[in-house]
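Bear in mind these aren't lab numbers, they're just calculated from the coordinates by the rules spelled out. Treat the numbers as computed from the prediction; the structure is a model and nothing was measured. Using ideal geometry, Cβ is built from the backbone for each residue, glycine included, and neighbour counts are taken over all protein chains shown.
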């Protein structure tokens, strides 16, 4: 029997072997608990098979079913329709795969995956269409600023569709209805659903005019008021589309959901999503491995503990799009470890059902099998970090334009990396969620140049400090309002203890920071720990000129710029000054630290070790409590701390690699022993401790609510699991 006939016949050969795969090593009581959960909280290990048009009849579905069983995948994401239908659609213009014939490629896998107990989500892609769609509905096609219909950039036989017009609102809605009627998946997920740049079709012109009274912007300038209005309309229109598709899906199956692949506003995503695919598939360029965790933390800031699944590619994600490539095992392992440690569930994606290179398969299987065996320790209930780093979509959209306001993302990158190097557990905080409920878990909030803040947001931050919280801010934080309009004074002026002097200096060439002991007792302030022998260190690249309103200690002061050529003239004209470059103050039970320079951005751009040390010391001084975990030993580790129902876990991800800042990694470089101290949550009593990845049970001691142990070795990822007596 040919493969095509085999699938068409719907043979059940071998299907019995797949029964009960998803939870085969879980107790009956636990399995019952899982069945009572909403579907979006059940699956822990996901697989995505993204069909290509030639797959039907040419790939082996049972090969993939066997692999899903082998790796204990309990959720699957399968391509269904849109640019290509992989089932016998009855909708005119919905292009069936030319290889489909009369078979149902999709239906075969859906039925077999369900028999294996897997959660099934189906994928659509509405971003491109064929010539017959263009001929029937030319108004469905995206239009460039020059008025030309937009050919697809990668496949000139296709046309790019308008995401905000009737192609999505009418045609794709009909497709989603048909998919739900035929297969009743738990959800439909759409790739590339939100458009690709500004579309100038008649529908976009009409709808934007009705919304704003304006013509579409002629360029994508985030600071242009017309473009800002366009972005507001686009978000509103996409939200309308999301809700339309979600309503369509739920009408057929009330428990089902529509899942957009990315939404341009994380606050809306968090509010309306019960489940989310985080589609940051791999590194490219100089993205560090921890960016996978950063993305997860930013989403969690708005989603809370709703389920996030991280799609990771087994291939490279570089600009030339080698979609059939395979990454090194080390690179895949680090990327997945970062996601898992930061609370997202793994989902590998394979483009095309035909395998050209199998080298990734054993590595992914080993990862999934290990996570499956330790599943209960990955069902996190909440993070235990006490440090929160604020990020701001508001600042990213509304602030900028001046020379010193470029590369604003580098402020956040620098602060993030400093915390990773310090092995400090932390979470991200959305600046539009600064209410008491969201800030309650944190002792310290860090604001890496959160420049655009409303009066109300500033009041929320003041209340946080009044109630005993601490704050660390840099550069132009609060110097602009929520619309990006400059203030004459910092919105947080009273809290920071400084007045704006009306100027930003820089770029400063050959400028330094003078490090001083206290003139009364000759002791160095804690922010200078490890820098006591450094008379001075390099300065930041830009600095805001400020005047102090209060009395401050002076451990860090300014040595102004002086010539760096000719060599004979390289000496400081002002060897010291009383201009502070770090403002430190006590506020009740809290502490406030303010860097008027772009210390975080300078650290990221230069990676100077002194900047990193000064940032980390200042963070620890401002925190003013013993961190929930402390890890001593060589290397770079990303650390996270989680609570589960009857346990807590400490994740240690080994980022010690010469390729950490430029992928892909060639190998995993193991770390030697790490000495770990863990603060137990109040009211808990330890029942046991184990290292999940190595399988070891190290000796440990407990004193004053703190557990001490030594982790003998870390390859890519170790998880310390602490069980509590119930």
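Results, tabulated for the structure shown:
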{"quantity": "Inter-label distance, nm, simple model (7 Å from Cα along the C-beta direction), residue 381/residue 538", "calculated": "4.8 nm"}
{"quantity": "Space enclosed by the convex hull of the alpha-carbon atoms of segment 387-623, per residue, Å³", "calculated": "120 Å³"}
{"quantity": "Calculated FRET efficiency for the pair residue 550/residue 226, C-beta based, R₀ 51 Å, to 0.05", "calculated": "0.75"}
{"quantity": "Principal-axis tilt of helix 105-115 within the chain, Cα atoms, nearest 10 degrees", "calculated": "70 degrees"}
{"quantity": "Sequence-separation-based contact order of segment 50-196, relative, with Cα cut under 8 Å and 6+ spacing, percent", "calculated": "24 percent"}
{"quantity": "Extension gain, residue 646 back to residue 589 (0.36 nm per residue minus Cα-Cα distance, nm)", "calculated": "17.3 nm"}
{"quantity": "Relative compactness, segment 661-720, computed as alpha-carbon Rg over 2.2 N^0.38 Å", "calculated": "1.38"}
{"quantity": "log₁₀ of I(q)/I(0) at q = 0.07, 0.09, 0.11 Å⁻¹ - the chain, Debye sum with one point per alpha carbon", "calculated": "-0.54, -0.89, -1.26"}
{"quantity": "Cβ crowding within 10 Å averaged over residues, with 74-86, 638-650, 191-203 ranked highest first", "calculated": "74-86, 638-650, 191-203"}
{"quantity": "Pairwise centroid distance, computed over Cα atoms, of segment 286-336 with segment 454-531, Å", "calculated": "34 Å"}
{"quantity": "FRET efficiency, residue 354 to residue 673 (Cβ-Cβ, R0 60 Å, nearest 0.05)", "calculated": "0.85"}
{"quantity": "Rg(Cα)/(2.2 N^0.38 Å) for segment 502-646, N = residue count", "calculated": "1.19"}
{"quantity": "Square roots of 5 times each gyration tensor eigenvalue, C-alpha, segment 260-354, largest first, Å", "calculated": "24, 14, 12"}
{"quantity": "Protection proxy ranking of 458-465, 446-453, 681-688, 600-607 - average other beta-carbon atoms within 10 Å, highest first", "calculated": "446-453, 600-607, 458-465, 681-688"}
{"quantity": "Segment 466-569: C-alpha pair distances exceeding 21 Å, %", "calculated": "50 percent"}
{"quantity": "R0 of 45 Å, Cβ-Cβ distance residue 98-residue 483: FRET efficiency to nearest 0.05", "calculated": "0.30"}
{"quantity": "Longest to shortest principal axis, alpha-carbon extents of segment 36-193, angstrom", "calculated": "52, 34, 27"}
{"quantity": "Fully extended contour minus Cα-Cα distance, from residue 501 to residue 577, at 0.36 nm per residue", "calculated": "25.7 nm"}
{"quantity": "Stretchable slack from residue 58 to residue 607, in nm (0.36 nm times residue separation minus alpha-carbon distance)", "calculated": "192.6 nm"}
{"quantity": "Packing-based exposure ordering (other Cβ within 10 Å, fewest first) of 294, 358", "calculated": "358, 294"}
{"quantity": "Rough spin-label spacing in nm, given labels placed 7 Å along Cα→Cβ, for residue 466 and residue 323", "calculated": "5.6 nm"}
{"quantity": "D_trans [Stokes-Einstein, Kirkwood Rh over alpha-carbon pairs] for segment 574-726, 4 °C, 1.567 mPa s, µm² s⁻¹", "calculated": "71 µm²/s"}
{"quantity": "Crossing angle, helix 329-341 versus the chain [Cα axis fit, 0-90 degrees, rounded to tens]", "calculated": "70 degrees"}
{"quantity": "Helical mean residue ellipticity (222 nm; -39500 (n - 2.57) per DSSP H run of 4+; nearest 500) of the chain", "calculated": "-8500 deg cm²/dmol"}
{"quantity": "Relative intensity, log₁₀ I(q)/I(0), of segment 388-447 from a Debye sum that treats every alpha carbon as a point, q = 0.18 Å⁻¹", "calculated": "-0.71"}
{"quantity": "Listed peptides 281-290, 40-49 by packing density, highest first (mean Cβ within 10 Å)", "calculated": "40-49, 281-290"}
{"quantity": "Ellipsoid equivalent to segment 437-513 - semi-axes via the Cα gyration tensor, in Å", "calculated": "24, 16, 11"}
